[in-house]
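Okay, so here's the structure we're looking at.
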Amino acid sequence: MGAGMTLTREQRALLAGQGGEMAGRMMRLLVRLGQVYGAKRMLPISSAQISGVSYRSIGEPGLGFLEDIAASGVKVRALTFLNPAGMDLRDWRALGFPRDFARKQERIMAAFREMGAVASATCTPYLAGNLPRFGEHLAWSESSAVSFANSVLGARTNREGGPSALAAAICGCTPAYGLHLGRNRGPTALVRVAAPLRSRADWGALGYWVGERVKDGVPFFAGVEPPGIDELKALGAAMAASGAVALYHVKGLTPEAHRFECRGLESFSVGRKELDSVYRRLHTAGKAAGGKIVRTRTKTKTAAQTRPDLIVTGCPHASLGEILDLARKLKGRKLGIPLWICTSRAAKQTAERMGLCAVIEAAGGSVVADTCMVVSPLEKMGRKVTAVDSAKAAHYLPGFCGQQVIFRDLDRLLKEALR
Ligand code: F3S
């Protein structure tokens, strides 16, 4: 037993410090977490995914914490992937990331490497070499990846914090509570979708509206045309941003949906009016503090306030399919506004091999790996107005990076940017 939990012999040994002082501390953290949530045992995990990787997010205290852990010599026991860092880890100079920031970010990556983590930095590990199967237990912490793993793949993970995911990675287990238990995976609300969803931004707007209402519940969607992977990742990311949704079901599509009845659940209907309200709220560029559009006398002044300094897509990280689609649209064209496509290193390398990065760069865009618009130091790079097609990014950019936001679907953003 470990303080009210049944532990295996190996887990008891870790708790007793036989795997080293640091592993003992990590096991104590997991046991305490289990006690708080009433877990009776630990579950072995097949992988961990750790947030709090960008120097922008964790600063000096986080860097010191990670270097201390790495210096202890402790290693991860489970396959461990990392969330986006604060910069493209290879091409940061060419992309204009500040040198002092880069030095700190490199130390963070070195600490994780020392612990044995995979040197990936992506919020889509399931597209970059870590695809869990149905029913596997995980300890993932990036909210959009958690949502995708639970909902689309049918794997099981709570929404871990960075430290608890790191502890799980080091100990190879996580307490059995929350979404690891089948009884907590049923829907809490029925969502009827009454409008055609025309773009990934529409899927994000839908998720944003639903997340605000169901909070940390489990929505069950009915009435949607079967979406693709890219639409599902946009939906889950937005629900996790406006609410704390870590699991959803889509009728006839996601792997656990058939297990549940929705009779008697609270229900919502979402139409074009609701989606448009999200677009209006998340679009902050050109608005005064009171939320009204700023009217100015001269055209020049109005344009200066509402024209983006940068367009960024790839939140969650763009799939190879999304990069391919963009390269087709940009081939032989010229962008009047810089464009970033954020993605994993794995997708960028394949895109390079296929010549897609060259096409995008010739048009004035950049494929940016390992980071994203929210965890990179955008404001230090002189950006003030950023245009995105992601509801999640639109939600976080004002608070995290001091950006005014233009939130539109990607085709519309491209149309405005292409000369
Ligand atoms: Fe991923 Fe960054 Fe969006 S971590 S989900 S691209 S805010």
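Fully extended, how many nm does the chain gain between THR284 and GLN35 (0.36 nm per residue separation, minus their Cα-Cα distance)? Kindly include the intermediate steps, with their values, before the conclusion.
Details: separation 249, 0.36 × 249 = 89.64 nm, distance 4.28 nm.
Stretched fully, the THR284-GLN35 segment lengthens by 85.4 nm.
Set the Förster distance to 22 Å, then compute FRET efficiency between GLU352 and LEU131 from the Cβ-Cβ distance, nearest 0.05.
Details: r = 22 Å, r/R0 = 1.01.
The calculated FRET efficiency here is 0.50.
When the expected Rg is taken as 2.2 N^0.38 Å, what fraction or multiple of it is the alpha-carbon Rg of the stretch 285-417? Intermediate results must be reported in sequence, preceding the final value.
On the way: Rg = 15.1 Å, N = 133, 2.2 N^0.38 = 14.1 Å.
That ratio works out to 1.07.
Determine the sum of side-chain charges near ALA139: Lys and Arg each +1, Asp and Glu each -1, restricted to other residues whose C-beta is under 14 angstrom from that of ALA139. Don't skip to the answer; put the middle values down first.
Numbers: positive: ARG77, ARG156, ARG159; negative: GLU136, GLU142, GLU160.
Computed value for this residue: 0.
Starting from the Cα of ASP91, step 7 Å along the direction of its Cβ; do the same at ARG412; then give the gap between the two resulting points in nm.
2.8
Could you rank ASP88, ASP276 by how accessible they are, 1.4 Å probe, largest area first?
Working: ASP88 0, ASP276 55 Å².
My answer, sorted largest first, is ASP276, ASP88.
Can you send over the solvent-accessible area of CYS372, 1.4 Å probe, protein chains only, in Å² to the nearest 10?
20
Name the residues whose placed amide hydrogens come within less than 5 Å of the amide hydrogen of VAL368, ignoring near sequence neighbours (fewer than 5 apart) on the same chain.
Here ILE341, CYS342, THR343 satisfy the definition.
In whole Å, what are the extents of the stretch 1-73 along the principal axes defined by its C-alpha atoms, from largest to smallest?
Principal-axis extents of the stretch 1-73 (Cα, largest first): 39, 25, 22 Å.
Extension gain ASP216-ALA16, at 0.36 nm per residue separation less the Cα-Cα distance, in nm?
Numbers: separation 200, 0.36 × 200 = 72.00 nm, distance 3.52 nm.
Here the answer is 68.5 nm.
Quantify, in whole percent, the carbon and sulfur part of the accessible surface of the stretch 285-417 (1.4 Å probe; protein heavy atoms only).
Working: 3090 of 5860 Å².
Taking all protein chains in place, the stretch 285-417 shows 53 percent carbon and sulfur surface.
Around SER46, what is the net charge, scoring Lys/Arg as +1 and Asp/Glu as -1 over all other residues with Cβ under 12 Å from its Cβ?
On the way: positive: ARG77, ARG133, ARG156; negative: GLU136.
Taking every Cβ under 12 Å from that of SER46, the sum is +2.
Residues with amide H under 5 Å of ILE311's amide H, sequence separation 5 or more or different chain, H placed in the peptide plane at 1.01 Å from N; which?
The answer is LEU339, TRP340, ALA387.
In the full protein assembly as shown, how much of TRP92 is accessible to a 1.4 Å probe, in Å² to the nearest 10?
10
Identify which of CYS357, CYS262, CYS342 has the largest mean-square fluctuation in a Gaussian network model of the chain, with springs joining Cα atoms closer than 10 Å.
Looking only at CYS357, CYS262, CYS342, the biggest GNM fluctuation is shown by CYS262.
How large is ³J(HN,Hα) for each residue in the stretch 375-388, as worked out from phi by the Karplus curve 6.51 cos²θ - 1.76 cosθ + 1.60 (θ = phi - 60°), to whole Hz, x for Gly and Pro?
The phi angles translate into 9, 9, x, 4, 5, 6, 9, x, 8, 10, 10, 10, 9, 9 Hz.
Just to confirm my numbers, what's the Cα centroid distance between the stretch 23-83 and the stretch 304-334 in Å?
Taking the Cα centre of the stretch 304-334 as reference, the centre of the stretch 23-83 is 34 Å away.
At 18 Å minimum axial length over the Cα atoms and a Kyte-Doolittle cut of 0.0, report the qualifying DSSP H helices in the chain, or say none. Write down the numbers at each step before the final one.
Details: long enough: 21-36 (23 Å, 0.37); 55-71 (22 Å, 0.18); 99-115 (25 Å, -0.98); 200-214 (21 Å, -0.30); 229-242 (20 Å, 0.78).
Membrane-span-like by this criterion, though nothing is claimed about a membrane: 21-36, 55-71, 229-242.
Under the rule of at least 5 residues apart or a separate chain, name every residue whose amide H is placed under 5 Å from the amide H of THR80.
The list, which skips near neighbours in sequence, is ALA48, VAL118.
Could you sort LYS334, LYS273 by accessible area so the largest value comes first, with the probe set to 1.4 Å?
Listed by decreasing accessible area, they come as LYS273, LYS334.
I want to check the label-to-label distance for ALA119 and ARG307. Put each point 7 Å from Cα in the C-beta direction and report it in nm to one decimal.
4.1
Once fully extended, how much extra length lies between GLU379 and ARG99, figured as 0.36 nm per residue of separation less the alpha-carbon to alpha-carbon distance?
Numbers: separation 280, 0.36 × 280 = 100.80 nm, distance 1.48 nm.
Roughly 99.3 nm would be gained on extension.
Of all DSSP beta bridges in the chain, what percent run antiparallel (nearest 5)?
Numbers: 6 of 42 bridges.
Looking only at bridges with both residues in the chain, the antiparallel portion is about 15 percent.
Above 38 angstrom, tally the Cα pairs of the chain and express them as a % of all pairs, no decimals.
22
Once you order the gyration tensor axes a ≥ b ≥ c over the Cα atoms, which shape class does the stretch 186-279 get: rounded for a/c under 1.5, otherwise prolate or oblate by comparing a/b with b/c? Intermediate results must be reported in sequence, preceding the final value.
Numbers: a/c = 1.40, a/b = 1.28, b/c = 1.09.
It is rounded, given that a/c, with a ≥ b ≥ c, falls under 1.5.
Could you state how much accessible area THR306 has, in square angstrom rounded to the nearest 10, with a 1.4 Å probe and all protein chains kept in place?
60
Give the Debye-formula value of log10 I(q)/I(0) at each listed q (0.11, 0.19 Å⁻¹), with one equal scatterer per alpha carbon of the stretch 9-182, two decimals each.
-0.44, -1.21
The values are calculated or read from the model by the stated rules, or taken from the named source; none is laboratory data. As the structure is a computational prediction, the values presented were derived from the model and not from experiment. Here the Cβ is made from the backbone with ideal geometry for all residues, glycine too, and neighbour counts use every protein chain on show. Side chains are part of the model used for accessible areas, which takes the heavy atoms of the whole protein and leaves out ligands, DNA and RNA. Shrake-Rupley method; radii C 1.70, N 1.55, O 1.52, S 1.80 Å.
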